[in-house]
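Written below as structure tokens is the structure these notes are about.
The values are calculated or read from the model by the stated rules, or taken from the named source; none is laboratory data. Since we're looking at a predicted model, the values are computed, not measured. When we count neighbours, we look across all protein chains shown, and the Cβ atoms used for this are built from the backbone with ideal geometry, even at glycine.
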Amino acid sequence: MTQPKIAFIGLGAMGGAIAANLIRAGFEVTLYNRTREKLSPLLAIGGHAAGSVEQACAEAEILVTMLADDSAEEAICLGAAGAVAHLREDALHISHSTIGVAAARRLAEAHEKAGQHFLSAPVFGRPDVAAAAKLSILTGGRPELVERAKPLFDAIGQRVFPMGDKPEAANIAKLGGNMLIATVIESLGEVLALAGKAGIDRAAYLDMLTSTIFTAPVYKIYGDLIVARKYEPAGLTAPLGLKDIKLALAAADELRVPLPIGSLLRDRLTALLAQGADQEDWSAMARLAARDAGLE
């Protein structure tokens, strides 16, 4: 069976790792990114460069995007110069971007009008997980679209979790998961501040927690960052973390679901950014708890 031709747009830390795994899996991948220097390592392993969205999409059967936010995704996809205008009929757009409900709906509608297909497929996993091809992939879209995307998913992830036929279902699931991660960051920051001020070794305390009652990887991953105060380079920057919490709150507003912890997290991340943490990982939110306790 001939593998589909792929256009890949968005080569940040996550997108670059995903695109690399698709190239290594033998797919013909045409790459476009506004920052051209990010193309070089992918061209070295067999990727092809495009000078525009139109050129990238001209022969693509599948478009894959991994972009920062709603505005970036819609700028690439919509309008006269966008991907929707230049993809062929029956092409499939797989969006790994973490975007909101409204944006997912607009993209799905635009592709449908053009005789194309849209599959939301946000992922869980930081850049090192993406590089290891061990992402967890959430899907929102019809089963036949998920099946069509399966060869690509096999090359980049370890498991696919269908969330329903509507694209926005995957986006809500992803935003909810990110809210839970932010909750872990905030709560770990608070209890580690408590332990630290009491004179308990924070690394030893974290080891006890993650070896007994909190063995989920998220506690270990973010706990290690907090204990080491290793907030750069960022896996997910604080501004993008705040964006995700705001999108979760927007989805909740539409559905009339109160998210009081979500509101707290929005305020904590806003406070972090007010202190100049734009380039830091969102786990730097734990620093606020330490400062509140008089430790920093």
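Output the number of residues of the range 240-286 satisfying the condition of being assigned to a loop (DSSP other than H, G, I, E, B) and within 27 Å of ALA195 (Cα to Cα). First the steps, then the outcome.
Within the range 240-286, the subset assigned to a loop (DSSP other than H, G, I, E, B) is 256-259, 275-280.
Imposing the further condition that a residue be within 27 Å of ALA195 (Cα to Cα) reduces the set to 275-277, 280.
Final tally of qualifying residues: 4.
Given the conditions (1) outside any loop (DSSP other than H, G, I, E, B); (2) under 11 Å from ALA238 (Cα atoms), which single one is not true for ALA289?
So ALA289 meets the others, but not (2).
Tell me, please, whether a residue that is modelled with pLDDT of 95 or more, under 17 Å from the mean Cα position of the chain (by Cα), buried (at least 18 other Cβ atoms within 10 Å of the Cβ) and within 19 Å of VAL146 (Cβ to Cβ) can be found in the range 109-117. Explain how you work it out, then say what you get.
Kept after step one, since they are modelled with pLDDT of 95 or more, are these residues of the range 109-117: 109-117.
Applying the additional criterion that residues be under 17 Å from the mean Cα position of the chain (by Cα) yields none.
No.
List pairs: first residue in the range 79-90 and over 14 Å from PHE118 (Cβ atoms) and in a helix (DSSP H, G or I), second residue modelled with pLDDT of 95 or more and of a type in the set (Val, Ile, Thr) anywhere in the structure, Cβ distance under 7 angstrom, at least six positions apart or on different chains.
HIS86/VAL53
If you check LYS5, LYS38, which single one turns out to be closer than 19 Å to ARG148 by Cβ and either surrounded by fewer than 21 Cβ atoms within 10 Å (Cβ to Cβ) or out of contact with any Pro (no Cβ under 6 Å at 6 or more places or on another chain) (or both)?
Values: LYS38 fails: closer than 19 Å to ARG148 by Cβ.
From the options LYS5, LYS38, the qualifying one is LYS5.
Residue under question is ARG148, and the condition is that it be surrounded by fewer than 15 Cβ atoms within 10 Å (Cβ to Cβ), out of contact with any Lys or Arg (no Cβ under 7 Å at 6 or more places or on another chain) and not assigned by TED's automatic domain parsing to the domain that holds LYS243; does it hold? Before the answer, list the steps.
Details: surrounded by fewer than 15 Cβ atoms within 10 Å (Cβ to Cβ): no; out of contact with any Lys or Arg (no Cβ under 7 Å at 6 or more places or on another chain): yes; not assigned by TED's automatic domain parsing to the domain that holds LYS243: yes.
No.
Do you know which of the residues in the range 1-47 that are in contact (Cβ under 8 Å) with a residue 60 or more places away in the chain and among the polar types (S, T, N, Q) is farthest from LEU92 (Cα to Cα)?
ASN21
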